[in-house]
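Here is the structure we will look at.
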Amino acid sequence: MKYADVILPLPLDGLFTYSVPVQMEVSVRFGVRVLVPFGRSKSYVGVVARVHDCEPQGYKVKPVTRMMDAGPVVTACQYELWQWIADYYMSPIGEVYKAALPSGLKAEDGYRPKTELYIRLTPQFGNARALHLALGMLGRADRQLKALTEYLALSNWDRAADMADNGGVSHPVPIKEITREELMNSSHASLSTINALVKRGILETYSREVGRLNNDVEPHPDNIKRLSEAQQEAYNAVLFSFLKKDVTLLHGVTSSGKTEIYIHLIQRELDAGRQVLYLLPEIALTVQMMDRLRRVFGNRLGIYHSKYSDAERVEIWRKQLSDCPYDIILGARSAVLLPFGRLGLVIVDEEHETSYKQQDPAPRYQARSAAIMLARMSGAKTLLGTATPSMETYHNARTGKYGLVELNKRYKGVELPEVCVVDIKELQHRKMMHGPFSPLLLARVREAIDSGEQAILFQNRRGFAPMIECKQCGWVPRCRNCDVSLTLHRNMNQLTCHYCGYTYRVPTECPACGGKELRTRGYGTEKIEETVRDIFPEASVARMDLDTTRTRNAYERIIGDFAGGRTDILIGTQMISKGLDFDRVSVVGILDADSMMSYPDFRAYEQAYMMMSQVSGRAGRRGKRGLVVLQTRNPQLSVIRQVVDNDYSGLYTDLAVERQAFNYPPFTHLIYVYLKHTDDGIVDSAAIELGSRLRQWFGMRVLGPDKPAVAKVKTLNIRKIVIKLENGIDMKRVREYLRMAQSGMMEDKRYAALQVYYDVDPV
């Protein structure tokens, strides 16, 4: 008898073995989906990882219920990547499978192809004579006659019938297929009218499967632009680097034309018959990039991200498994999990972005690292592109692990923007600030609008205000489920928790003291938008944050309006800092640089520099240097000067000294161990015990346990243990020790409901 080891979409370690019925032995093989029983009454759709003859001992094996596919839906390379993600990020392979496959491929009822209802003449009325009889039959049924006449016109049957009447042997005019909806719209006929024609036997309906994917744009490689001298040098340097290194970092200043280099590299891979994976950190960026790539590559380009419907993602998945897959996949983090048959190049654009790291739910993988591993497993090359590399990537490039190519000139001679630092602490003391705006910023935005140019205002906090408080007693509304204050969203008249989504109607008086004066503290993007509209009533203002971009079309609309010049001022969070290209932006305002640098994290300065440099890079146009107004209370900080001078190398040097002294990445690996429980006492004792067990193996490498900055989320109390591991340490043994410590602790019945998970290489 044959047995199959199956991956199930469950947070449980290992594979599950089932017997293969005799009638399925030929068809059950690696990569196919099967329906299997689990427990007493449940069933799951799993993926076969292995077929063998070894009968499991100690328990009765249940049989596979049925086959879900004729062929595999997972490739061998994909499964290898899944195993690596599960192993490295300490997550059950079932969670990797659950994250990788679209829901339609994990459901028992499966994926249903999109169909449309078409309409046509019945065979008995498929000639000219019969058609004339039909028209005569409908002499008194005006609506049915109009619908039939319209159908004949739309489908070209009227011209074909005329040709036949004139002695034509065949129909020289091709008969078009018409959907029922198209006929109803064109003839203004009701469904009952169409059904009446069907009942008379004149028309009949039939279903046809139609794809959800748009494949009607032909490729135009002639649209590829010629590279400038600096771009050509960088392009040649990348190719030379690929001869020696599998991974290369393209470190180019903002607006240096990295995308054009990518396009030339993509075309080179297509000419060689290979596929390309192009990763972006945010779904918002795919809008602009899709337009640029589609003008060149047409229907050879596929898009894949979570804003697409599940059915669309299933169709893309199946297309990638077919004989005619997309040659280029453009997508966000999840696109790295798609199947590829002949991958030649992986491009990770804006590789520094923390959005590449999956947080919740598991697996908590870093898409940049997964992309590098995918390329290695496929025999492909990886290009990491950014103006502000992550410390880890830049360190690997500086030490020779990765290739390094630098591009220091902006495209078409556009100058880097002038960065003007404004000390708002002094201005606030002198009462010269207009809300969050300095006089200089307001003056420059006014000049831009009057000149027909655009401005971007950056504030990395959404909502109207971070909190409200009672003026009399200082009461601040807090989330009942999380250890955070509630953010005011005035448009909805709600206080909202950005961790669990809990909402609370804005009170009219303080519940603690009865005071009537509740004031807002701080500025969110919503409040800034309101203030800007008051100051510049003649300007068109838009806001881009999580609240305004919840739907797929919202991205396209906001970006399209700004790129087309229909919006004068764009206000946004970090979304606007990530690689968007706009031609008419002359002024960028960074409203509160200090909020990014005061966060209690060793990466605070690094990420603040990245965000400020990236959003600064949106300013500038050909023939005119852009201006960045950077508002801060600490202009003397070194990171502020490094932003002004565009001195990433100086930032790296400063941070590297600190990181090495205190054993932080890139000189070590970090593992965060999180423990969660509804009872604060239980989670506290569990964390102390687990920390003690871990110190038996790791010694002083273990720090904590301690409470994180937010110590309660969704009613669960949290403790955190930090493990610092030297580069080159045996990670396989580390993972074994971690699991041994956890399993030993979990033998205590008090911890039955305890949640423990690991965040490897956190951001």
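Any idea which of Thr548, Thr567 is without any contact (Cβ under 8 Å) to a residue 12 or more places away in the chain and over 30 Å from Ala656 (Cβ atoms)? Break it down stepwise before answering.
On the way: Thr567 fails: without any contact (Cβ under 8 Å) to a residue 12 or more places away in the chain.
So the residue among Thr548, Thr567 that is without any contact (Cβ under 8 Å) to a residue 12 or more places away in the chain and over 30 Å from Ala656 (Cβ atoms) is Thr548.
Name the residue that is surrounded by the most Cβ atoms within 10 Å (Cβ to Cβ), counting only residues in the stretch 11-38 that are out of contact with any Asp or Glu (no Cβ under 8 Å at 6 or more places or on another chain) and over 18 Å from Met1 (Cα atoms).
Per the stated criteria, the residue is Gly31.
Would you say Arg294 is within 19 Å of Gln78 (Cα to Cα), basic (Lys, Arg) and not in a loop (DSSP other than H, G, I, E, B)?
Criteria not met by Arg294.
How many residues does the stretch 680-697 hold that are within 14 Å of Tyr757 (Cα to Cα) and not small (Gly, Ala, Ser)?
Residues in the stretch 680-697 being within 14 Å of Tyr757 (Cα to Cα) and not small (Gly, Ala, Ser): 2 in total.
Please find, among Ala711, Ala741, the residue that is touching a helix residue (DSSP H, G or I) at 6+ places or on another chain (Cβ under 6 Å) and at negative phi.
On the way: Ala711 fails: touching a helix residue (DSSP H, G or I) at 6+ places or on another chain (Cβ under 6 Å).
Only one candidate passes the filter, namely Ala741.
Quick one: how many residues across the stretch 373-401 are crowded, with 22+ Cβ neighbours inside 10 Å and of a type outside the set (Gly, Ala, Ser)?
10
Which residues, counting only those in the stretch 512-541, are part of a loop (DSSP other than H, G, I, E, B) and more than 30 Å from Arg566 (Cα to Cα)?
Ala512, Cys513, Gly514, Gly515, Lys516, Glu517
Tell me, which residue of the stretch 661-713 that is in a strand (DSSP E or B) and among the charged types (D, E, K, R) is nearest to Gly501 (Cα to Cα)?
Lys712
Looking at the stretch 431-467 only, could you name the residues that are of a type in the set (Val, Ile, Thr) and within 31 Å of the chain's Cα centre (by Cα)?
Hit for the stretch 431-467 is Ile456, nothing else.
Considering only the stretch 405-415, state which residues are in contact with a Ser or Thr (Cβ under 8 Å, 6 or more places away or on another chain) and either surrounded by fewer than 13 Cβ atoms within 10 Å (Cβ to Cβ) or of a type in the set (A, V, I, L, M, F, W, C) (or both).
Val405, Leu407, Asn408, Lys412, Val414
Looking at the structure I just gave you, is Gly58 under 35 Å from the mean Cα position of the chain (by Cα) and modelled with pLDDT under 95?
Here the answer is no, as Gly58 does not meet what is asked.
If you take the residues of the stretch 310-339 that are part of a loop (DSSP other than H, G, I, E, B) and among the aliphatic types (A, V, I, L, M), which of them is modelled with the highest pLDDT? Reasoning before the result, please.
Quick first cut of the stretch 310-339, residues part of a loop (DSSP other than H, G, I, E, B) only: 322-327, 332, 338-339.
With among the aliphatic types (A, V, I, L, M) added as a condition, the list becomes 332, 338.
Numbers: Ala332: 91, Leu338: 95.
The selected residue is Leu338.
Can you pull out the residues in the stretch 594-610 that are modelled with pLDDT under 90 and not aromatic (Phe, Trp, Tyr)?
Listed by number, the residues that qualify are Asp594, Ser595, Met596, Met597, Ser598, Pro600, Asp601.
Of all residues in the stretch 649-683, count the ones that are assigned by TED's automatic domain parsing to the domain that holds Leu754, surrounded by 19 or more Cβ atoms within 10 Å (Cβ to Cβ) and more than 28 Å from the chain's Cα centre (by Cα).
Matching residues across the stretch 649-683 total 2.
The values are calculated or read from the model by the stated rules, or taken from the named source; none is laboratory data. None of the values given here were measured: they were computed from a predicted structure. Don't worry about glycine lacking a Cβ; one is built from the backbone with ideal geometry, like all the others, and counts go over all protein chains shown.
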